[in-house]
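Notes follow once the structure below has been shown.
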Amino acid sequence: MAGKIVIKFYALLRRRIGAPTIEIENNELSILELLQLAEKKTGQNFLDELLDREKGLLAGTMILVNGENVRLKQNLETRVRGGDSVDLFSPAGGG
């Protein structure tokens, strides 16, 4: 039985999506697969704010799974399951 994965958006991503959180129903998938599903579900193209052309994380992008940074795990191949929480932070800008 599939469980819900909660995705929380922060900062500019939250404004672009128009919601603080969404839920994706799934058993298990990679972070990249989850992000692609989230983009479809929201109807907003936001992966360009997180990933480079080669589907790698942009410098400054932070993705946490249950509070753990995916850069310290398997990056976009990190597996998530129903019941997990994923926090998305796009790179900060400013000057």
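What follows is calculated from the coordinates using simple rules that are stated; it is not laboratory data. Worth saying up front: this structure is predicted, and the values here are computed from it rather than measured. Neighbour counts run over all protein chains shown; Cβ positions are idealised from the backbone, glycine included.
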Item to check | Selection from Y10, I24, A59, by position along the positive dipole direction of the chain (Cβ) | outcome: Y10
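Mind ranking 69-76, 41-48 by how tightly packed they are, going by the mean number of other C-beta atoms within 10 angstrom, highest first?
Those peptides, ordered most packed to least, come out 69-76, 41-48.
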Checklist entry - Expressed as an acute angle from 0 to 90° and rounded to the nearest 10, what is the orientation of the C-alpha long axis of helix 31-42 relative to the principal long axis of the chain? => result 80
Checklist outcome for this item: In whole Hz, the Karplus estimates of ³J(HN,Hα) for segment 67-72 (6.51, -1.76, 1.60; θ = phi - 60°; x where Gly or Pro) are x, 9, 5, 5, 5, 8
Checklist outcome for this item: With x for Gly and Pro, the residue-by-residue ³J(HN,Hα) of segment 83-88, computed from phi through the Karplus equation 6.51 cos²θ - 1.76 cosθ + 1.60 at θ = phi - 60° and given in whole Hz, is x, 7, 10, 10, 9, 10
Checklist entry - Mean separation of Cα pairs under 8 Å and 6+ residues apart, divided by the residue count of the chain: what relative contact order is that in percent? => result 40
Checklist entry - Which one is right for this structure if Rg and Dmax of the Cα atoms in Å is calculated from it: (1) 20.4, 70; (2) 12.4, 48; (3) 15.2, 58? => result (2)
Checklist outcome for this item: Excluding residues fewer than 8 positions from K40 in its own chain, the aspartates and glutamates with Cα under 16 Å of it are E23, E25, D48, E49
Item to check | Prolate/oblate/rounded label for segment 16-60 (Cα gyration tensor, a/c 1.5) | outcome: oblate
